[in-house]
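Working notes for the structure below.
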Amino acid sequence: MLPLTTTTLSLAAALLSSTTGVLASASASPKPPIKVPISAISPAAQHERRSPSPIEVTPRGNGNGNGNGGFIRAPIHAAPGHSTPQTKNTKLRRRQEDEGLKNQNLGTTYTIDIEIGTPPQTVTLILDTGSPDLWVNPQCETSGQEAYCSKFAQFDYTRSKTIEDTGAADILSYGKGNVTIEYVTDDVTIGSAKIKSQILGIGFESYDIPLGILGLSPAVNPDGQQPYPYLLDSMASQGVISSRAFSLDLRSIDNPSGAIIFGGVDLGKFSGALEKLPMLDPADTPSGADRYWIVLSGVGMTYPDGQVDESDEIAVPVFLDSGGTLSRLPPTIFQAIGDSFPGSQYDPESGFYIVDCKVAEEEAGSVDFIFGRNKKIRVPYADFIWEVQSGVCVVGVLPTDEEPVFGDSFLRAAYVVYDQDNRNLHLAQAANCGEQIVEIGSGANAVPSSTGKCKDESGPTKTAGGGGGLDVTATRAPTRTAAGGGPQVTNSDFGPGPAGTRVSTSGIGLPTGTGGGGGGGGGGGSGGGNGSGDGNDSKASGLDVGVTVAVALAGLNMLVVWLI
């Protein structure tokens, strides 16, 4: 993380010494819901924005007063990294051209377009299961990817008639980068579903993060304290979905059918049975943070000739983070995987194992991860290899002694249901054989015990004879070491990674019950009027983030967002 500036440090002091801001907030209440589609960013070298794709709404009245209450399909996208030289690899080039991309393996960030405010404004955000907060407006000049960041519109809070300033602020840090935000409330629309008076952050100072973030994790505070209702909380309390649960199928870039489904599971997007895995208690995790932690119980390699090596049983806590480009695993597992790739060479300068990009063409090869009762998720070589420069490929994993994490290099091969209410994750092998969506209900068995409709097409394998399989517990020296000239990788090539710390763990200054409440007190009421609906003045006309910093801070309920 880059050093905090004087302004940021002044803010930290202000946060720790005050529970209120001095910005005035207005009193008009939210307008009725406005149904608009989520548009998708163009993945074509990040130079153009595509027209919003049509949404499909399956209505079913639910009596919650929030639109149709059915499921809503709208696109999200896998966006390539900020540098996009043309690849020379035949297989990777085909994968990219299918979606109009120039190089998806240069670092993929999964993004979603949502609407904020009245009238609604579209913003593009990183979809992140490693952090809980929703915030917008990164500072492009210090993002590390200024040209890329500048392609996306920022939220103009002065135009919104439904925005309310809370008078609270905070500093959020991530695995890479940080942001200083001021909390406001405003209406958030995903597809045709409106979430009223949601608390979100307006960024006015940030580092190494090119887009805002839509976080979907639990509160990560070690003490478990949740400073305010997050977006997923509000979606459940306002009746958009029946419980705090969603499914995520990132898929490979060449497959246009991946999706995030709030409140539902698509049986046509995985094979085999969903394996229910309990989320670990924070006290049983390396950092004590409450994340989507589960236990990894084995690692294996399936080689192109069908031979399989598997480790003995292990018990390694790992968490799932869609905001992280790569996976990070304990050094002995990193070494075992990297050294097992055909022809790999360890590069001491970058810390990666380098492989020939043609290895991605070996369709039978995979890295295998085992969970629970022998649930194996096979990650094809092509999805686990990252092309960091034209013609330079690395294995998509790095070592860590801190928090092991499965990022996008793993999640592209897994269908995952995240059930916050019951503290379970459900895993299956991602596949694609059509569509059959079932609702996630409420209660202890909210997520149905389902078997995917797709066939397992992984093919026959043969276990290696003798030798004890794959040793992931012993430290080893690399079999082959690169002689130099390895990949040039910078911090800006990665997604933000998991949420780290915040100056305030209690949402300093946030009014009790603010935002997200379904029928609760705090400003929800009948509305106290509509305000002067025809007025042009923003309710946050006094919110001058970044300019007045020193002053300011002295039935079928599911939402489907499809990936195309």
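The values are calculated or read from the model by the stated rules, or taken from the named source; none is laboratory data. In this text the structure is predicted, and so the values were computed from the model without any measurement. Using ideal geometry, Cβ is built from the backbone for each residue, glycine included, and neighbour counts are taken over all protein chains shown. Quick note on the areas: whole protein, heavy atoms, side chains included, nothing else; ligands and nucleic acids left out. Shrake-Rupley method; radii C 1.70, N 1.55, O 1.52, S 1.80 Å.
Restricting attention to the range 440-473 and to residues that are at pLDDT 90 or above and assigned to a strand (DSSP E or B), the residue that is surrounded by the most Cβ atoms within 10 Å (Cβ to Cβ) turns out to be 454. Among (1) open to solvent by less than 50 Å² (accessible area, probe 1.4 Å); (2) at pLDDT below 95; (3) assigned to a loop (DSSP other than H, G, I, E, B), there is one condition residue 422 misses while meeting the rest; what is its number? That leaves (2) as the condition not met. The residues of the range 399-419 that are surrounded by fewer than 21 Cβ atoms within 10 Å (Cβ to Cβ) and either more than 16 Å from residue 334 (Cα to Cα) or of a type outside the set (Val, Ile, Thr) (or both), listed by number, are 399, 401, 402, 419. Would you confirm whether any residue within the range 195-206 is part of a loop (DSSP other than H, G, I, E, B), among the aliphatic types (A, V, I, L, M) and either over 29 Å from residue 120 (Cα atoms) or open to solvent by less than 10 Å² (accessible area, probe 1.4 Å) (or both)? No, the conditions are met nowhere in the range 195-206. Annotation note: of 299, 265, the sole residue that is part of a strand (DSSP E or B), open to solvent by less than 10 Å² (accessible area, probe 1.4 Å), farther than 30 Å from residue 442 by Cβ and not polar (S, T, N, Q) is 299. Among the residues of the range 182-194, those that are modelled with pLDDT under 95 and in a strand (DSSP E or B) comprise 189, 190, 193, 194. Conditions: (1) within 19 Å of residue 128 (Cβ to Cβ); (2) in contact with a Gly (Cβ under 9 Å, 6 or more places away or on another chain). Residue 261 meets all but one. Number of the miss? Of (1) within 19 Å of residue 128 (Cβ to Cβ); (2) in contact with a Gly (Cβ under 9 Å, 6 or more places away or on another chain), only one is false for residue 261: (2).
What number of residues within the range 306-334 satisfy the criterion of being farther than 27 Å from residue 213 by Cβ and of a type in the set (Lys, Arg)? Final tally of qualifying residues: 0.
Entry remark, the range 341-366: residues being over 30 Å from residue 217 (Cβ atoms) and not in a helix (DSSP H, G or I) number 16 in total. Of all the residues in the range 358-379, those that are among the hydrophobic types (A, V, I, L, M, F, W, C) and surrounded by fewer than 22 Cβ atoms within 10 Å (Cβ to Cβ) number 4.
Determine whether residue 372 is on the phi > 0 side of the Ramachandran plot and out of contact with any strand residue (DSSP E or B) (no Cβ under 7 Å at 6 or more places or on another chain). Reasoning before the result, please.
Values: on the phi > 0 side of the Ramachandran plot: yes; out of contact with any strand residue (DSSP E or B) (no Cβ under 7 Å at 6 or more places or on another chain): no.
Here the answer is no, as residue 372 does not meet what is asked.
Looking across the range 207-233, just one residue is open to solvent by 10 Å² or more (accessible area, probe 1.4 Å) and in a helix (DSSP H, G or I), and that is 233. Quick check: is even one residue across the range 321-340 open to solvent by less than 10 Å² (accessible area, probe 1.4 Å), assigned to a strand (DSSP E or B) and not aromatic (Phe, Trp, Tyr)? Yes, some residue in the range 321-340 is open to solvent by less than 10 Å² (accessible area, probe 1.4 Å), assigned to a strand (DSSP E or B) and not aromatic (Phe, Trp, Tyr). Screening residue 262 with (1) aromatic (Phe, Trp, Tyr); (2) within 19 Å of the chain's Cα centre (by Cα); (3) modelled with pLDDT of 90 or more gives one miss only, at (3).
Screening residue 501 with (1) of a type outside the set (A, V, I, L, M, F, W, C); (2) more than 30 Å from residue 264 (Cα to Cα); (3) part of a loop (DSSP other than H, G, I, E, B); (4) modelled with pLDDT under 65 gives one miss only, at (3).
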